[in-house]
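To start, the structure itself, in C-alpha cells.
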Amino acid sequence: MEFPSLIIQYFDIEELNLKYYVGISQILFDCSSLMKTLNMKTKKQLLDYIFDLIEQNQSKYNLAFQIISPNHVLNQDHIYAACYYLKRAFATKTNISNNENIELLLYLSASRQIKVGIDRFGLNTQVLKDGKLLLCAISEKNNVEKSILDVNNKLSGNEIKPFHGINSLENFTKIKNLFEFNENQIFTILSSNGIDISSKNLNELDLDALYLSLEELIFEEMALLSLEKININ
C-alpha cells in the first residue's frame with residue numbers, strides 16, 4: 001500500500017547539527033467500525049488503544065510519533081515549525097516535557113501547559129468521533145513512511161490530502177481566536193508586510209495574506225516558548 005498524499009520533508013539544521021525527517025499524513029477513519037472490529041464498547045477504550053499504539057510505534061521505529069487533531073492546525077509549516085522547536089529543545093536540553101511527542105503538542109499550541117497542548121491538538125473522544133486525524137512521525141532515519149503506514153493499517157484509515165481546502169476566513173478566525181490574537185496584531189503584521197490595511201476590515205483582505213500573518217504570530221509565540229528553560233516533568 002502506498003500513501004500518494006503523504007508529505008515527507010527532510011531537514012538539515014547545521015547550526016544545531018540536527019538532521020531529521022518529518023512525515024505527515026491525514027486520514028479518515030470510522031470510529032464505530034473500528035470499535036466493532038476490536039470488540040470495544042466505549043470510545044475511551046479505543047482512545048487507550050490508540051495511545052498504546054503510539055507508544056508501540058515509537059518503540060518499534062525509534063522515533064517520535066503523534067496523532068494530532070487537525071482542527072486547529074494552520075498548515076504543514078505549523079507542524080514543521082513545532083518539530084523544529086521540539087528537536088532544538090531536546091538538543092539544547094531546554095525541553096519542557098520528557099517526551100518528544102508531548103513536546104510537539106506544546107509547540108503546536110505555543111504553550112508550556114501540557115493540558116493546553118492536549119486540549120488544542122491532542123486526541124479525545126470527540127476527535128475520534130469526527131474521524132479526521134493527522135499522523136506525524138519525526139525521525140533521524142528515513143523510516144517515517146513505514147511508521148505512518150503501520151499505524152494507519154491498524155486504524156483501518158483512508159488517506160486524504162492533508163490541509164486540503166482549509167484556507168477559509170472561518171478557519172482563520174477560529175485559529176486566531178484559539179491563540180487569542182487580536183485584530184491589531186494581525187493588522188501590524190499585515191502592514192509590516194506591505195499589505196494595504198486602510199479598510200480595517202479583515203473580511204476584505206487577501207486570505208493568503210491573513211494566513212501568513214497568523215503563521216508569523218504563531219511562530220513568534222513558539223520562539224518565545226523556546227526561550228523558557230524550565231522542565232516541568
(message) What are the ³J(HN,Hα) couplings of the stretch 71-83, residue after residue, when phi is run through the Karplus curve with 6.51, -1.76, 1.60 and θ = phi - 60°? Round to Hz, x for glycine and proline.
(response) 4, 10, 7, 5, 5, 5, 5, 4, 6, 4, 5, 4, 5
(message) Using 0.36 nm times the number of residues separating Ala223 and Asn167, minus their current alpha carbon distance, what extension gain do you get?
(response) 17.7 nm
(request) At a Cα cut-off below 17 Å, give the lysines reachable from Lys146, other chains included and same-chain residues fewer than 8 away excluded. (result) Lys60, Lys154
(request) With a Förster radius of 30 Å, plug the Cβ-Cβ distance of Lys115 and Leu53 into 1/(1 + (r/R0)^6) and report the FRET value to the nearest 0.05. (result) 0.85
(request) Please tell me which of these pairs span more than 21 angstrom C-alpha to C-alpha: Lys36/Lys115; Lys19/Lys87; Lys44/Lys132? (result) Lys36/Lys115
(request) Give, as ranges by residue number, the residues of the stretch 3-46 whose backbone N falls under 20 Å from the point 7 Å along Cα→Cβ of Glu140. (result) 9-23
(request) Pull out a ≥ b ≥ c, the square roots of the eigenvalues of the alpha-carbon gyration tensor of the stretch 1-71, then state rounded if a/c is under 1.5, prolate if not and a/b is larger than b/c, and oblate in the remaining case. (result) prolate
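Taking 0.36 nm per residue of separation and subtracting the Cα-Cα distance, what length does fully extending Tyr10 through Asn193 add?
63.0 nm
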(message) Restricting to DSSP H runs of at least four residues, report the calculated mean residue ellipticity at 222 nm for the chain, -39500 (n - 2.57) per run over all residues, nearest 500 deg cm²/dmol.
(response) -15500 deg cm²/dmol
(message) Under 10 Å, Cα contacts only: if you run a Gaussian network model on the chain, which one of Gln58, Gln126, Gln66 comes out with the highest mean-square fluctuation?
(response) Gln126
(message) Using the Cα centre of the chain as the reference point, and only Cβ charges (+1 on K/R, -1 on D/E), how large is the resulting charge dipole? Debye, rounded to the nearest 20.
(response) 1000
(message) If I take R0 = 25 Å and measure r between the Cβ atoms of Asn182 and Gln126 in this structure, what FRET efficiency does the formula 1/(1 + (r/R0)^6) give, to the nearest 0.05?
(response) 0.35
(message) If I model a spin label at Asp208 and Asn153 as a point 7 Å from the Cα along the Cα→Cβ vector, what separation in nanometres do I get?
(response) 4.0
(message) At 0.36 nm per residue, and after removing the present C-alpha to C-alpha distance, how many nm does the segment from Asn99 to Lys41 gain when stretched out fully?
(response) 17.9 nm
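Each reported figure results from applying straightforward, stated rules to the coordinates on display, with no laboratory input. All figures in this text were calculated on a predicted structure; none of them were measured in a lab. Note that we place each Cβ from the backbone using ideal geometry, even for glycine, and neighbour counts take in every protein chain shown.
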